[in-house]
Amino acid sequence: MSAQLRVAMIGHGFMGAAHSVGWRQAPAAFDLPLTPVMSVIVGRDADKTSAAADRWGWAQHAADWREVIERDDVDVVDIVTPGDTHAEIAIAALAAGKHVLCEKPLANSVAEAQSMAEAARDAAGRGIRAMVGFTYRRVPAATLMRDMIEAGRIGAVRQVRASYRQDWLADAEAPMTWRLDKDRAGSGALGDIGAHAIDLTQFVTGTSVTEVSGILETLVRERPLLAEGSGLSGTAAEGRGEVTVDDVAMFTGRLSSGALASFEATRFATGRKNALEIEISGDRGALRWNLEDMNVLEFHDATRPSVEQGFTRILVTEPDHPYLSGWWPAGHMLGYEHGFSHQVKDLVEAISTGVDPHPTFADGLSVQRVLDAVERSSAASSAWTAV
Ligand code: SOE
């Protein structure tokens, strides 16, 4: 048994479940240099946190994150809470000498993200690692897209089209949630899912967004408030709450290479359930990927004889691709949850070898700056705004 990495997870919602699957599966799928141990899960509601500990296999549950991050038997702090608590928890955990994995977006503001990136830089000097949870970088098709672009297979990148479309708010009577409260979430579709489109664009192209022109829109301004703790759909509403974030974000971006990009993030794309899509157009070809068909990368090679041209479907399940050797034979497919195991694998290996895992908090700050620029542009009649 290799040395242990004792993990404390702060939070236990949907992302808490996804991260728990990652902590449980990664040591079984990959030969890790350190063995993660699911030591303690932290949440304010004792009953919910205890139930999450039992369901997902956490040895203990606790209510006070400040006490937990100081414990000598905790090595890693995994933050899966809403964005309004990321900075306070991450900075305290790094100061306490704990490695940190923090959900995206990194923070609710550039100022917070800057403080986190500075704390991570200082901690790195003490051998402490920090990572932000943009897991779609860890889908094999996304890494293949990056590698093919880097190898020049589509030539010079001219345009990028990136969108993340969901439809869970298309019903005007869908109830309020913390994701619709600016104080908790920081922004709406822009930060929650637009952040993924921005990070993926920067990751696969190896460039950064330098200026944007955008619009943010709230389509439904108030929604039913379900009884506190009901958790059940159809529970009698107790009044209505104000939506204080964007429902839709649409913006144009200029990349540091000079290429142009268009972005869309929406929770009103009726019929689109979790459609993170990106298409990269180069002068020698194109690549396209869609999370709703996540094992396939579409590739158009414009250098082929015209009679053979068209988008081909690459099934990205061969063992030669990153991460695949840990799973199934070719063609057996990976799912949404596998990215969270890949995230654990890369974090554990980075901690063991003493290097900063990507995406770093600096990468997270880079995305935060784009989010902020879109908000400033939208407030200035969509004027072109520097990141
Ligand atoms: C929003 O519904 C959400 O859960 C995002 O918060 C996640 O980051 C994304 O991976 C799936 O959709």
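Values in this text are rule-based calculations from the coordinates and carry no lab data. Everything numeric in this text was worked out from a predicted model, so none of it was measured. Neighbour counts are summed over all protein chains in view; Cβ atoms, including those assigned to glycine, are modelled from backbone coordinates with ideal geometry.
Pairwise Cα distances in the chain exceed 26 Å for 54 percent of all pairs. If N is the number of residues in segment 265-375, what value comes out of its Cα radius of gyration divided by 2.2 N^0.38 Å? Normalised by 2.2 N^0.38 Å, the Cα Rg of segment 265-375 equals 1.34.
Using only alpha carbons, segment 3-136 has a radius of gyration to Kirkwood radius ratio (Rg to Rh) of 0.94.
Taken along the Cα-to-beta-carbon direction at a fixed 7 Å, the label points for R221 and T35 span 5.8 nm.
In a Gaussian network model over the chain where Cα atoms closer than 10 Å are linked, find which of F299, F340, F361 has the largest mean-square fluctuation. Taking springs between Cα atoms under 10 Å, the residue moving most is F299.
Counted by neighbouring Cβ atoms within 10 Å, the residues M9, M176 run from fewest to most as M176, M9. Putting +1 on Lys and Arg Cβ atoms and -1 on Asp and Glu Cβ atoms, find which of L101, P140, I198 reaches farthest to the positive end of the dipole of segment 93-252. My answer, from the dipole projection, is P140. Among F311, V68, A46, pick out the residue whose Cα is farthest towards the positive end of the charge dipole of the chain, where Lys and Arg carry +1 and Asp and Glu carry -1 on C-beta, about the Cα centre. Comparing the listed Cα positions along the dipole, F311 ranks first.
In straight-distance terms, cross-link reach from K345 covers every one of the aspartates and glutamates whose alpha-carbon lies under 18 Å from its own, apart from those fewer than eight places away in the same chain; here that gives D31, D75, D78, E103, D320, E337, D356.
Annotation: extensible slack from W384 through T85 equals 104.5 nm (criterion: 0.36 nm per residue apart, minus Cα-Cα distance). When +1 charges are put on Lys and Arg Cβ atoms and -1 charges on Asp and Glu Cβ atoms, the dipole computed for the chain relative to its Cα centre reaches about 600 debye. The calculated P(r) of segment 188-347, using every Cα pair and 5 Å bins from 0, goes 2, 7, 12, 14, 16, 15, 13, 9, 6, 4, 1, 1, 0 in percent. Note down the relative contact order for the chain as a percent, whole number, built from C-alpha pairs under 8 angstrom at least six residues apart. Relative CO of the chain lands at 21 percent. Taking each DSSP H run with n ≥ 4 as -39500 (n - 2.57) and averaging over every residue of the chain yields -9500 deg cm²/dmol at 222 nm.
Answer with one residue from V348, G326, S381: the one whose Cα lies farthest towards the positive end of the charge dipole of segment 271-381, charges on Cβ with Lys, Arg +1 and Asp, Glu -1. Towards the positive end, the residue furthest out is S381.
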